[in-house]
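A short write-up of the structure that comes next.
The values are calculated or read from the model by the stated rules, or taken from the named source; none is laboratory data. These figures come from a predicted structure and were not determined experimentally. As a convention, Cβ positions derive from the backbone with ideal geometry for all residues, glycine included, and neighbour counts pool all protein chains shown. What goes into the accessible areas is simple: the full protein's heavy atoms, side chains included, and nothing from ligands, DNA or RNA. Shrake-Rupley method; radii C 1.70, N 1.55, O 1.52, S 1.80 Å.
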Amino acid sequence: MLENSKVIVLGCSHSELALMHALKSSGVSLIGVGNLKTALGRDICDDFHEFDYTDHMQLGVLARKVGASFIVSACNDYGFFAASKVSAELGLCGYDNNEAVETIHYKDKFKALLERLNIPTPKRMFSGSISELVGAWSDVGATLSPQKKYLFKPVDQGSGKGIAEIKRSSDVSEFSNSLASMSRSDACLIEEHV
């Protein structure tokens, strides 16, 4: 089934190496994509295209051009978004629809799903953009109890990146500044820490 297929592999880093070797031994043509000249899997590929694999437009152009049968996501959420989007556009299998992918990834959307399904989740104190939070901080801050702990979370980061405990109101502007440099969405969530 895989033999003679053209498989695009995003990233080609250490996280994808085992899968790349298995695909290669199955007789597929590996097409790597990434912007690292030192990507560990680059030499395993039959062809390598140097660009940011999270750019779904460029990835779509490449997938159409080479007649890709599958796209293997890199081991990060933005790579998964790009692979999911392009796979949906081209009718390739292996990914959930974009709405499901976004609901699972974005903390505010996932929290809203849990709330709709009446699944217990820490109380949401704020959800929106950083500029909205800074503008509404006096109102939001007034709702926070000094006896409870609260977490500030960028909605689009994983692995705990950007999550911080709010201990005083000055923390919000500090966290807001650090979020601006790491988040692509400029959105955050404040919830009770349980």
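Which of the pairs 111/148; 37/109; 109/148; 6/109 have their Cα atoms more than 30 Å apart in this structure?
Violating the 30 Å Cα-Cα cut-off are 37/109; 6/109.
Which lysines, if any, have their Cα less than 16 Å from the Cα of residue 149, not counting same-chain residues under 8 positions apart?
123, 167
Just want to confirm a number: the relative contact order over the chain, from Cα pairs under 8 angstrom separated by 6+ residues, in percent.
It rounds to 16 percent for the chain.
Where is the GNM fluctuation largest for the chain (alpha-carbon springs, 10 angstrom cutoff): 98, 118, 76?
So, out of 98, 118, 76, the one fluctuating most is 118.
Among 27, 129, 4, which residue has its Cα furthest toward the positive end of the charge dipole of the chain, with +1 on Lys/Arg Cβ and -1 on Asp/Glu Cβ?
Among 27, 129, 4, the one farthest towards the positive end of the dipole of the chain is 129.
Accessible area per residue, 1.4 Å probe, Å², for the chain: what's the number?
So the chain comes to 54 Å² accessible per residue, rounded to a whole number.
Straight-line reach from residue 153: which aspartates and glutamates have a Cα under 19 Å away, not including same-chain ones fewer than 8 places off?
77, 102, 108, 115, 132, 139, 165, 171, 174, 186, 191, 192
Considering all alpha-carbon pairs of region 54-113, what whole percent are spaced by more than 14 angstrom?
That tail contains 53 percent of the Cα-Cα pairs.
Ignoring ligands, DNA and RNA, what percent of the 1.4 Å accessible area of the chain is carbon and sulfur?
Exposed carbon and sulfur together represent 53 percent of the surface.
Taking residue 65 as the anchor, which aspartates and glutamates have their alpha carbon closer than 20 Å to its alpha carbon, excluding any fewer than eight residues away along the same chain?
3, 46, 47, 50, 52, 55, 89
Please report the base-10 log of the normalised intensity I(q)/I(0) for the chain, using a Debye sum with one equal scatterer per alpha carbon and no solvent, at each q in 0.13 (1/Å).
Rounded to two decimals, the profile gives -0.77.
Classify region 27-88 from the C-alpha gyration tensor, please: rounded if a/c falls under 1.5, else prolate or oblate depending on whether a/b exceeds b/c.
Since a/c reaches 1.5 but b/c is at least a/b, the shape of region 27-88 is classed as oblate.
Percent antiparallel among DSSP beta bridges with both residues in the chain, to the nearest 5?
Roughly 50 percent of the beta bridges in the chain run antiparallel, per DSSP.
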